Amino acid sequence: MVTSAPRFQPELSDQDKRPARCPACGFDGPEASAPSNEAGFELLACPDCGLGRTWPPVPGDEISRWYPEQYYGRENVRFNPLFERLIRWFRRRRAAVLYNRVPRGPVLDVGCGRGLMLSYMRELGYEAHGLELSETAARHARNVLKLEVATGDFLNSPHEKNRYNAVIFCHTLEHFANPVAAIARAYELLKPGGVLWIAVPNYGSWQARLFGRFWFHIDAPRHYFHFTVWSLDALLQRHRFRVVQLDHYSFEQNPYGLLQSVLNAAGFRFNLLYSLLKNSTARTDTALRYPFQTAAHVLLLPLLVPFVVVATGLEALFKSGGTFEMYAFKE
Ligand SMILES: [Zn+2]
């Protein structure tokens, strides 16, 4: 009789320390190291499944320093009016996509930001619940949109178990010091047959590999973990989720991620364009401070935009999108 080795089960605790084994695939050899653009940090990666993490991780009681008021912008509005409109359109579109996949009922957006997508989901007939890290982040969703938003730690949040038709992590799972526990918690909150939807940057993508520390979506140390398709798929399967769909094209995320990465690698002020697109309450760098670089951006953008549109179409075709989205069912 052949007895198989016990199946690897990642620990639910201490992923914010240096785990003995990769929390996604169980690999226990040395990790590859790469430099980070943020001084004092490096990026470690599992040579087997590619799961990356920022090292050292910022302790939980210090992470709020990395989310200053400016990170959210006044009244949680980050971008200039033109881009604000575009972002609203993206959020509405996202809510419509979820409408086709999630039956009406309670849904929970983990890291709901200012609650735009949740408010559109409420318009579509859902019972909308959100969770945010801090009171600052939750202010707009609560006060302006009158959404029900809890604040604090997701792992100990006041939500009822086996209740939700969907749990959503839209570019938030990578902000968790312990994503293994976050996925286990999502499983606990979903009702059987409920949908887990996760969108994350793709650390195994062409963009990530080509641009390394210049890649826009790294965002260390706010991103504790950097997922690849394989590592997230492994994590979900270990938590008894059935992955049913994987999308590699995000018009909202991928072209901009590539554009900003090209500019970063070309030697411009890091994420200058991103800052210029923000409004005055969220901006860290201004055109006045970088007049020549801003002028160079204006000249380069008409050339770069068609390039990034074509390139991100190609990367998606080859299943290497700069970000990816995974849908899974709780069985
Ligand atoms: Zn691994």
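The values are calculated or read from the model by the stated rules, or taken from the named source; none is laboratory data. Bear in mind that the values here come from a model prediction, so they are computed numbers and not experimental data. Note that each Cβ is placed from the backbone with ideal geometry, even for glycine, and that neighbours are counted across all protein chains shown.
Out of the range 44-66, which residues are within 14 Å of the ligand (Cβ to nearest atom) and in contact (Cβ under 8 Å) with a residue 60 or more places away in the chain? Result: ALA45, CYS46, CYS49, GLY50, LEU51, GLY52, ARG53.
Conditions tested, residue by residue: (1) under 15 Å from the mean Cα position of the chain (by Cα); (2) under 23 Å from ALA296 (Cβ atoms).
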| residue | (1), (2) |
| --- | --- |
| ASP233 | no, no |
| ARG238 | no, no |
| SER250 | yes, no |
| LEU259 | no, yes |
| ALA265 | no, yes |
| ARG269 | no, yes |
| LEU272 | no, yes |
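What about ASN100, is it polar (S, T, N, Q), closer than 30 Å to TYR126 by Cβ, away from the ligand (no atom under 16 Å from the Cβ) and at pLDDT below 75? Quick ask: steps written out before the conclusion?
Working: polar (S, T, N, Q): yes; closer than 30 Å to TYR126 by Cβ: yes; away from the ligand (no atom under 16 Å from the Cβ): yes; at pLDDT below 75: no.
Answer is no for this residue.
Please enumerate the residues belonging to the range 229-244 that are at pLDDT 90 or above, not in a loop (DSSP other than H, G, I, E, B) and not acidic (Asp, Glu). Those that are at pLDDT 90 or above, not in a loop (DSSP other than H, G, I, E, B) and not acidic (Asp, Glu): VAL229, TRP230, SER231, LEU232, ALA234, LEU235, LEU236, GLN237, PHE241, ARG242, VAL243, VAL244.
Counting just the residues of the range 88-111 that are touching a residue at least 40 places away in the same chain (Cβ under 8 Å) and within 20 Å of the chain's Cα centre (by Cα), which one comes out surrounded by the fewest Cβ atoms within 10 Å (Cβ to Cβ)? Give the derivation first.
Going residue by residue through the range 88-111, those that are touching a residue at least 40 places away in the same chain (Cβ under 8 Å) are 90, 94, 98, 101-111.
Those still in the list that are within 20 Å of the chain's Cα centre (by Cα) too: 90, 94, 98, 107-111.
Numbers: PHE90: 16, ARG94: 21, LEU98: 23, VAL107: 26, LEU108: 28, ASP109: 27, VAL110: 24, GLY111: 20.
The residue in question is PHE90.
Any residue at all in the range 245-259 that's farther than 25 Å from ILE168 by Cα and of a type outside the set (Asp, Glu)? Within the range 245-259, one or more residues are farther than 25 Å from ILE168 by Cα and of a type outside the set (Asp, Glu). Every condition in (1) among the hydrophobic types (A, V, I, L, M, F, W, C); (2) assigned to a strand (DSSP E or B); (3) closer than 27 Å to ALA34 by Cα is met by ALA208 except one, and the failing one is (2). Going by the structure shown, is GLU132 touching a residue at least 12 places away in the same chain (Cβ under 8 Å), over 12 Å from ILE168 (Cα atoms) and within 22 Å of the chain's Cα centre (by Cα)? Yes: the conditions hold for GLU132.
All of (1) closer than 16 Å to ASN37 by Cβ; (2) crowded, with 19+ Cβ neighbours inside 10 Å; (3) without any contact (Cβ under 8 Å) to a residue 60 or more places away in the chain hold for ILE183 with one exception: (1).
Just one of the numbered conditions (1) in a loop (DSSP other than H, G, I, E, B); (2) on the phi > 0 side of the Ramachandran plot; (3) in contact with a Phe, Trp or Tyr (Cβ under 7 Å, 6 or more places away or on another chain) is not true of TYR203: (2). Summed over the range 236-250, the residues that are in contact (Cβ under 8 Å) with a residue 60 or more places away in the chain and more than 10 Å from MET326 (Cβ to Cβ) give a count of 6.
Of all residues in the range 45-58, count the ones that are part of a strand (DSSP E or B) and closer than 14 Å to ASP219 by Cα.
Start the filter on the range 45-58 by keeping residues that are part of a strand (DSSP E or B), which leaves 45, 52-55.
Checking the rest, the ones that are also closer than 14 Å to ASP219 by Cα come to 52-55.
Here the count works out to 4.
Among helices (runs of 4 or more DSSP H) entirely within the range 245-330, having at least 3 residues that are touching a Phe, Trp or Tyr at 6+ places or on another chain (Cβ under 9 Å) and modelled with pLDDT under 90 singles out 272-277, 291-317.
Of the residues that sit in the range 216-247 and are away from the ligand (no atom under 16 Å from the Cβ) and more than 17 Å from LEU196 (Cα to Cα), which one is surrounded by the most Cβ atoms within 10 Å (Cβ to Cβ)?
Of the residues in the range 216-247, the ones away from the ligand (no atom under 16 Å from the Cβ) are 216-223, 240-247.
Now restrict to residues that are more than 17 Å from LEU196 (Cα to Cα): 216-223.
Details: PHE216: 24, HIS217: 25, ILE218: 27, ASP219: 18, ALA220: 23, PRO221: 18, ARG222: 15, HIS223: 22.
Restricting to residues being away from the ligand (no atom under 16 Å from the Cβ) and more than 17 Å from LEU196 (Cα to Cα), the top hit is ILE218.
Whenever a residue of the range 315-329 is on the phi > 0 side of the Ramachandran plot, its partners that are at pLDDT 95 or above and crowded, with 21+ Cβ neighbours inside 10 Å, lying with C-beta atoms within less than 9 angstrom and at least six residues away or across chains, give the pairs LYS319/VAL229.
Scan the range 153-162 and give yes if some residue there is surrounded by fewer than 17 Cβ atoms within 10 Å (Cβ to Cβ), free of Cβ contacts under 8 Å to residues at least 24 places away in the same chain and within 18 Å of the chain's Cα centre (by Cα), otherwise no. Full working, then the answer.
Taking the range 153-162 as the starting set, the residues that turn out to be surrounded by fewer than 17 Cβ atoms within 10 Å (Cβ to Cβ) are 153, 155-158, 160-162.
Those left that are additionally free of Cβ contacts under 8 Å to residues at least 24 places away in the same chain: 153, 156, 158.
Within this subset, residues satisfying the condition of being within 18 Å of the chain's Cα centre (by Cα) are 153.
Yes: one or more hits.
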